[in-house]
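In what follows, a structure is listed as structure tokens, so that the remarks can point back to it.
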Amino acid sequence: MLSSGVPSTFSNGSNSWVDDFQHHASMTDMGTGYKRFEVSSLAAGSRTATFRHADHWMVDVYAPNGGVGGSMMRPDRSFKFENGKLIVETDVAADIVEYEGFAWPEVTVSLASAPDGFNYGPTPAKSTGDDLYAYGRFGGYDTVGIRLTGARPIMAYYDSTERGFACGRVWELSWFQDGTGQCDPDQNATIWGGGEWAAPGAVRTCSGNDPDINCRDRFRWVLTRDVITLYANGRKLMEHTAVSGKHLIPDSILNGDVYVYFSDSVYQPPSGKTVRFHWDRVAVNVSGAPTASPTCTNDHPC
């Protein structure tokens, strides 16, 4: 049972948000300032919980019988790009060995105020047919997302045409993908990094019985029209640059009101297993150079 009434800790600027979750509470709800979306599983009996504890926040996802489930959370407001740039920063344990292959955190930037199944806007979002990922649940709205799968993240962009998977997925970018797709073979980008060799040790790997602070790494995702960059603990991990005459981020997102989601996805976990995600800092449009997580220490370097 979660307690309630613990004050929120975020700082809400005119076009920015910072929350380091120094709430000093145990097992309490998220408080005011956030919207939560508990995504239904394809298997009956799924359960999710989002809560604060030990000066960070966590999500539990239970999807029985090989189901698919997850949870999303976002600040209860929209943001705009500033001078053609959006910066999203978060601390999250992205590389827990026991979860590899069936559980991962995501960050999503969308024009939709809610995912598929939640009628918060004039036109409810629909599934793109790619429900495996959180960013596939915003059909009909331009959406860009990143899966923080350890040191090898993957990004994707879905357009607003409701063409669904795979043609509505305009591009997918990773260390081995340049965005060229079957529906737009000319939509490609220059790849840099995207793997552990780009920033050795920047993303920590830990086992499920390690304290989560040993792998709660800081990721900064920087979006511009032509370049998308990901930093891990202050070091550049991945960067994609659009080829001449192309751009990675559509004008609708560059010039619109966007919502920033922090999501947890589970795909066919072992039977009876509850997956716990550990998050901390949530920040949008922060200033200054990329920094490392405060959990980076001599004993657990980043």
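Where a number appears in this text, it was derived from the coordinates with a stated rule and is not lab data. It should be emphasised that the depicted structure is a prediction, and the values quoted were computed from it without experimental measurement. Here the Cβ positions follow ideal geometry from the backbone for every residue, glycine too, while neighbour counts run over all protein chains shown.
Summing Lys and Arg as +1 and Asp and Glu as -1 over all other residues whose Cβ lies under 13 Å from the Cβ of Asp184 gives a net charge of -1. Shape descriptor for the chain: Rg over Rh equals 0.93 (Cα atoms; Rh from the Kirkwood inverse mean 1/r). Could you give the distance between the Cα centres of region 240-302 and region 126-193, to the whole Å? Distance between centres, Cα-based: 15 Å. Here region 96-184 is treated as a Stokes sphere of Kirkwood radius computed over C-alpha pairs; at 25 °C and 0.890 mPa s its diffusion coefficient rounds to 184 µm²/s. Karplus-based coupling profile of region 103-109, in residue order and whole Hz: 8, 7, x, 9, 10, 10, 10, with θ = phi - 60° in 6.51 cos²θ - 1.76 cosθ + 1.60 and x standing for Gly or Pro.
Per-residue extension of 0.36 nm, minus the Cα-Cα distance of Thr28 and Trp192, leaves a gain of 54.9 nm for this segment.
When each of the peptides 52-60, 8-16, 28-36 is scored by the mean number of other C-beta atoms lying within 10 Å of its residues, the order from highest to lowest reads 52-60, 28-36, 8-16. Per residue, the chain reaches -500 deg cm²/dmol at 222 nm when only DSSP H runs of four or more residues are counted, each adding -39500 (n - 2.57). Packing, as the average of other Cβ atoms within 10 Å across residues, places the peptides 128-135, 283-290, 89-96 in the order 89-96, 128-135, 283-290, highest first.
Dipole check for region 13-284: with +1 at the C-beta of Lys and Arg, -1 at the C-beta of Asp and Glu, and the Cα centre as origin, the magnitude is about 180 Debye. Counting every C-alpha pair in region 41-164, the share spaced more than 22 angstrom apart comes to 40%.
Taking every alpha-carbon pair under 8 Å whose residues sit at least 6 apart, the chain reaches a relative contact order of 25 percent.
Legend: calculated FRET efficiency, His300 to Thr123, from the Cβ-Cβ distance at R0 = 35 Å, rounded to 0.05, equals 0.15. Within the straight-line cut-off of under 28 Å between alpha carbons, the lysines reachable from Lys126 are Lys35, Lys80, Lys85, Lys246, sequence neighbours fewer than 8 places apart in one chain being disregarded.
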